[in-house]
Amino acid sequence: MAVCARLCGVGPSRGCRRRQQRRGPAETAAADSEPDTDPEEERIEASAAVLAGVGGGLCAGPSPPPPRCSLLELPPELLVEIFASLPGTDLPSLAQVCTKFRRILHTDTIWRRRCREVLHRYRHILGLWQPDIGPYGGLLNVVVDGLFIIGWMYLPPHDPHVDDPMRFKPLFRIHLMERKAATVECMYGHKGPHHGHIQIVKKDEFSTKCNQTDHHRMSGGRQEEFRTWLREEWGRTLEDIFHEHMQELILMKFIYTSQYDNCLTYRRIYLPPSRPDDLIKPGLFKGTYGSHGLEIVMLSFHGRRARGTKITGDPNIPAGQQTVEIDLRHRIQLPDLENQRNFNELSRLVLEVRERVRQEQQEGGHEAGEGRSRQGPRESPPSPAQPRAEAPSRGPDGTPGEDSGEPRDASAAAEQPAQCGQGQPFVLPVGVSSRNEDYPRTCRMCFYGTGLIAGHGFTSPERTPGVFILFDEDRFGFVWLELKSFSLYSRVQATFRNADAPSPQAFDEMLKNIQSLTS
């Protein structure tokens, strides 16, 4: 009898009813006269026999002949349980039996179980990670994707298009169909997958190694590799970049990052926890950083402060350091639109707030001030109207102070006069540079903040005053007074699984760990 009778439950006739209905009488007679053998039927029948044996005799009856039954008639959730119990090496063949089986085998539940049971040694690498690439860092997302565990490196959009979506490329993948040993492949380079290795250092750390680095090389040598990297990283050629200092930074990054050949160590990072009274939803943002291009920053809230931590960095301010710190107790009321264009007027407002913050620290022994005196770079007394000569060679960034751990003083913030109300016009002062001139022209509110600047190699880091501008739920900006520069940040809209911190304490500890690597 044809296997359709057992899998489709349509009776002993050859072929399914739908196929018979499409035939004419002559075709049906001809089909009935054919030998009762068919290679396709034999293949499916063999697969059904394997399933019957592995499944513990689901179709077996107490006495021969066994009653006819169909696996296709079982509920999908039961088929998921059956398939999840099979050896991984049998699943690719099973997916070829029919469309329904193939669809069920794309269920995440099956492959998550495979991760736990077959690839138990790799189950801890799902989630977000930061590679140790010197000052540059990065963002890796490890996910289950069909028959593989894949590590995707997320890259900012091309400078200066901060509102564009993130780009991503695979760095490695792990096969899930092996019975005992998993196959790891390096995806780096342009010659396709090749043999790699993953070592679990500890629960929140792992490393990758490529065993065939010749697959990363290109026939045209380093020059071709550089041109290809430049098109991917910046979306342009070196001839299109006229700024000499920017050319030096780009070439330096290529030389530094390409030497690793995808042999990297990764440390786990978490997304920041969210609370109902947060100013906006915390998370990952893309930000403009002058000649360094776009970088990824994590915005998190800590009581009465908000902090931006670099997930990717640069030679001035490396990944892991806190690029901006916002004092949520001290709003800044911007002047009318005409006076906003006056840089000296903005400087006067910000310096007045800074002086008030200093007085509060001296009078009350503020935890924030104590934290700044205990660690990190000092806050410099700038002359915003006359930036220092070395400012152009310094990259903007922010640094942390010790947090008091107290809840945000919402009542104190409410007593402040209304600032930058919903829809209030906003314009950058004349003389303030911006990589992206397409910034929002209205804002909600502004706060006093500090940002970190430093020389090359993170030398002489200093916190300098600035203004945090909240535009909407997905965009904010920061004016670096000393640099006379503006950074625009736009939310990363991608969804990341297995990235939530188990507790607020675990998130704070993670921030300290990634910062200590470059301090």
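For this structure, a couple of remarks:
- Total residues in segment 177-190, condition modelled with pLDDT of 90 or more and part of a loop (DSSP other than H, G, I, E, B): 2
- Those residues of segment 87-100 which are open to solvent by less than 40 Å² (accessible area, probe 1.4 Å), in a loop (DSSP other than H, G, I, E, B) and at pLDDT 75 or above, in sequence order: VAL97, CYS98
- Condition check for LYS310: closer than 19 Å to PHE496 by Cβ, open to solvent by 30 Å² or more (accessible area, probe 1.4 Å) and among the basic types (Lys, Arg): no
- Filter result for LEU230 (of a type in the set (A, V, I, L, M), touching a strand residue (DSSP E or B) at 6+ places or on another chain (Cβ under 6 Å), open to solvent by less than 50 Å² (accessible area, probe 1.4 Å) and modelled with pLDDT of 90 or more): no
- Residues in segment 423-474 that are outside any strand (DSSP E or B) and of a type outside the set (Gly, Ala, Ser): 18 in all.
- Checking LEU171 against (1) touching a His at 6+ places or on another chain (Cβ under 8 Å); (2) open to solvent by less than 30 Å² (accessible area, probe 1.4 Å), the condition it does not meet: (1)
- The set of residues from segment 237-260 being among the charged types (D, E, K, R) and closer than 15 Å to GLY137 by Cα comprises just one member, LYS253.
- Within segment 434-456, the residues that satisfy the criterion of being small (Gly, Ala, Ser), at pLDDT 95 or above and closer than 19 Å to SER347 by Cα are GLY449, GLY451.
- Boolean, LYS281 is open to solvent by 10 Å² or more (accessible area, probe 1.4 Å) and under 19 Å from the mean Cα position of the chain (by Cα): yes
- Filtering segment 255-266 to residues that are farther than 17 Å from LYS169 by Cα, assigned to a helix (DSSP H, G or I) and touching a residue at least 24 places away in the same chain (Cβ under 8 Å) leaves only TYR256.
- Answer residue from segment 436-454, given it is of a type outside the set (A, V, I, L, M, F, W, C) and farther than 23 Å from ILE317 by Cβ and is least open to solvent (accessible area, probe 1.4 Å) among those: PRO440
- Of all residues in segment 101-128 being in contact with a helix residue (DSSP H, G or I) (Cβ under 6 Å, 6 or more places away or on another chain) and open to solvent by 40 Å² or more (accessible area, probe 1.4 Å), the one that is modelled with the lowest pLDDT: ARG116
- Looking at PRO276, PRO335, PRO318, just one residue is under 30 Å from PHE168 (Cβ atoms) and assigned to a loop (DSSP other than H, G, I, E, B), and that residue is PRO318.
- Within the set ILE198, ILE255, ILE269, ILE250, the sole residue that is closer than 30 Å to SER516 by Cβ and loosely packed, with under 13 Cβ neighbours inside 10 Å turns out to be ILE255.
- On the stretch given as segment 222-245, residues that are part of a loop (DSSP other than H, G, I, E, B) and within 14 Å of PRO156 (Cα to Cα) total 1.
- Some residue of segment 483-493 being farther than 29 Å from GLN424 by Cα and either of a type in the set (Phe, Trp, Tyr) or modelled with pLDDT under 95 (or both): no
- Selection within segment 191-221 - out of contact with any strand residue (DSSP E or B) (no Cβ under 6 Å at 6 or more places or on another chain), outside any strand (DSSP E or B) and either at positive phi or touching a residue at least 12 places away in the same chain (Cβ under 8 Å) (or both): LYS191, GLY192, LYS203, THR213, HIS216, ARG217, MET218, GLY221
The values are calculated or read from the model by the stated rules, or taken from the named source; none is laboratory data. Because the structure is predicted, anything quoted here is derived from the model rather than measured. Positions of Cβ are backbone-derived with ideal geometry, glycine not excepted, and every protein chain shown enters the neighbour counts. SASA here: full protein model, heavy atoms, side chains in, ligands and nucleic acids out. Shrake-Rupley method; radii C 1.70, N 1.55, O 1.52, S 1.80 Å.
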